[in-house]
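The values are calculated or read from the model by the stated rules, or taken from the named source; none is laboratory data. All values reported here derive from a predicted model rather than from experimental measurement. Every residue, glycine among them, receives a Cβ derived from its backbone with ideal geometry; neighbour counts consider all protein chains shown. Note: areas computed on protein heavy atoms with side chains; ligands, DNA, RNA excluded. Shrake-Rupley method; radii C 1.70, N 1.55, O 1.52, S 1.80 Å.
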Amino acid sequence: MDSVDTLYQYAWLVPVLPLIGAAIVGTGLISYGEATSKLRQPSALLIVSLTGAAMVLSGLIFWSQVQGHQTYTQMFEWAAAGDFRIEMGYTIDHLAALMLVVVTTVAFLVMIYTDGYMAHDPGYVRFYAYLSLFSSSMLGLVISPNLLQVYVFWELVGMCSYLLIGFWYDRKPAADACQKAFVTNRVGDFGLLLGILALFWATGSFDFEVMGARLTELVNTGTLSVAMAAVFAILVFLGPVAKSAQFPLHVWLPDAMEGPTPISALIHAATMVAAGVFLVARMYPVFEHIPAVMTLIAYTGAFTAFMGATIAITQNDIKKGLAFSTMSQLGYMVMAMGVGAYGAGLFHLMTHAYFKAMLFLGSGSVIHGMEAVVGHDPVLAQDMRLMGGLRKYMPVTAITFLIGTLAICGIPPFAGFWSKDEILGSTFAVSPVLWAVGWATAGITAFYMFRMYFSTFEGAFRGNDEGIRRDLKRAELQRMGLSLGPGAMNPQELTLDASEDDHSDHHHASEPHESPWSMTFPLIALAIPSALVGLVGTPFANYFEAFIHPPGEVVEALEAAEPFDWNEFILMAGSSVAIAVAGIVLAVLMYRTKAIDPKAIAAKIPALYQLSLNKWYIDDIYEVVFVQGSRKLAKQVLEIDIRIVDGLVNLAGFVTLVTGEGLKYLENGRAQFYALIVFGAVLGLVLLSGVT
């Protein structure tokens, strides 16, 4: 028992170990930049080892929680003034233990992968330092015991994402993308900060469960109106809307692909976007007692899931297709939270973290192989129209990518089937309308994922087709004059520095090649949970939901639970698998057997095709309303400043100058002249009084 207590007393080391690595390497880069940059392997080994140690410690903590250890909280007084006290510390409960394992395992494998992917990049050491700081920030957020501490680490996660998305800061698209991510998240985070302050004003606490209980009591007694409580909760929800890329603050996520592929995997799978869903789970005691907010959360998630999937259909950039896929899957998780399916949402968070990390790392492996053929031009290396037939050259990447594709499509027995089916089943019990949206989205997901798989790995290799290359470059040149590029590819990508992903031979090959073991090993390691981890949450023996359940809810033992309804399961699971299979069959007919021509369909429904290709025109609307609108407003303010404010100041100066010039002739220093003025004034007064 003592050893278990010691384990919890040192649980704070989980976020601190990666922080130590980032601090050591970061200090070296600041103080002795050139020398530290040359210590590539030692720096990587230090950071990977410390992250590995954090992963082992997280695993031990998780196993202890599975064995039934009580929630452990350690607090200390951080600030005090009179009766006002702020406490910081850490808490280890079932949710924190699960998230620690997910974040550390994905981060550890991403860091191993990075060694191969960034092997020849001059910023190799700096990238590892950022990765380690990013991992530490997320781990600190996970074990935060109150909302105030969550906000501190929340902002650290946002800062690290800014640094990593803009890692290649000398390229304009990367610089623009990190600014876009930062500004978009500032909008959501401002709402979150207002919500935190409002909830503290109302409840006098930053503790999640205390806030929930006191807010409910205030509403029940009439001290606080339901509308006001809903406003407070919605303000807090704005934070997750931005972090988890929910409509309307989703626009930063596709642009985040400008960062190196390893960080795309970490942002999309285990850190940045996961933080939003995690905070919704932590704030559940506040949200669950306000039905209007729960409804808003559910519909926001459902709409985002559908919109992300419909945009992903037409994407040709492999990474941006996966980015919209992430947005869609996060919509499922948020929808689950909104309908009260707390365990189902977090189950999908866990399964998605593994298979989406594998899919992103797989896309990086594909890009790495393509660069050997097309060079360091991301327009060509990431465009699926130039791929095809890669399974022959990259068998490990192809097999693992197929496993991830089957998992995200919800094909049994892969992980995504169990978590997505549970979300759909729980949603149907609350709202058939939301279920219908989620069900349709599942079919679209299966279609675009197999479109991606067939376009990349099956058929003939198109990488050496000069005609396609010319067409792609011409299309990009035609878009160069547009600020937002009405297409799947960013027009500014043509200006990318040739140093991107500089880790392949400078001599172009005629065929792509499989990635090194440092990149294929993480793919294989992630394929195992992508295929099997869903089995812990099967509806007939749901160990996951017995372990992860809403705060304060008592869950019956599996043996004492209600008898499993096979008819309901077959009906719900059968319908979700059926729509997924329909999507796969359609993808086969369009992109494998070529029985259906996608271009002909696009020509018949040009409006819908352009809607998808232009990302529902959301970016264009924001460009007109916010970017150009703010510029016009700034010009008008400048005009007012110049004409009115400066005009009044200049007028005052001019009047002073003129009167001064006139008065200087009266101030000549002669006493008799002053006497004459006084005499004239007195005479004037006498005459005036005589007239009156």
Under Karplus coefficients 6.51, -1.76 and 1.60, residue-wise ³J(HN,Hα) of region 271-285 in Hz, glycine/proline x: 10, 3, 6, 5, 4, x, 5, 4, 5, 4, 5, 5, 8, 3, x
³J(HN,Hα) computed for each position of region 577-589 - Karplus, 6.51 cos²θ - 1.76 cosθ + 1.60, integer Hz, glycine/proline x: 5, 4, 5, 5, 5, 4, x, 5, 4, 4, 5, 4, 5
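From the P(r) of the chain, could you give the percentage of C-alpha pairs in the tail past 33 Å?
I get 52 percent for the Cα pairs in the chain exceeding 33 Å.
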Burial order of peptide ranges 389-395, 443-449 (average beta-carbon count within 10 Å, highest first): 443-449, 389-395
Subset of Lys180/Lys356; Lys473/Lys635; Lys172/Lys243; Lys180/Lys420; Lys38/Lys473 violating a 29 Å alpha-carbon distance limit: Lys473/Lys635; Lys180/Lys420; Lys38/Lys473
Per-selection Kirkwood Rh - region 185-252 (Cα, Å, 1 d.p.): 12.3 Å
Label-point gap, in nm, between Arg474 and Ser49 - each point 7 angstrom along Cα→Cβ: 5.6 nm
Whole-Hz couplings from phi, Karplus 6.51/-1.76/1.60, listed for region 141-150; x for Gly and Pro: 4, 5, 9, 5, x, 8, 5, 5, 5, 4
Alpha carbon convex hull of region 8-82, projected area averaged over orientations, nm²: 7.4 nm²
Packing-based ranking, highest mean first, of 72-82, 360-370, 411-421 given that Cβ atoms within 10 Å are counted: 360-370, 411-421, 72-82
Prolate/oblate/rounded label for region 103-181 (Cα gyration tensor, a/c 1.5): oblate
Surface share of carbon and sulfur [accessible, 1.4 angstrom probe, percent] for the chain: 68 percent
Estimated D of region 586-692 in µm² per second, where Rh is the Kirkwood radius over Cα pairs and Stokes-Einstein applies at 4 °C, 1.567 mPa s: 58 µm²/s
Cα-based equivalent ellipsoid of region 571-631: semi-axis lengths in Å, sorted from largest, via gyration tensor: 35, 19, 8
Built amide H within the under 5 Å cut-off of Ser244, gap 5+: Gly276
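With a 1.4 Å probe and all protein chains left in place, how much accessible area per residue does region 29-124 have, in Å²?
It amounts to 48 Å² per residue over region 29-124.
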Gain in span if fully extended, Ala80 to Ala582, counting 0.36 nm per residue against the direct Cα distance: 174.6 nm
Percent breakdown of C-alpha pair distances by 5 Å bin, ordered from the shortest bin, for region 329-440: 2, 12, 19, 17, 13, 11, 10, 9, 5, 2, 0
Formal net charge of residues neighbouring Val157 (Cβ-Cβ distance under 15 Å; K, R +1; D, E -1): +1
Relative contact order [Cα under 8 Å, 6+ residues apart], the chain, whole percent: 13 percent
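As a test of understanding, state the convex hull volume per residue of region 137-241 from its alpha carbons, in Å³.
Looking at region 137-241, the number lands at 79 Å³ per residue.
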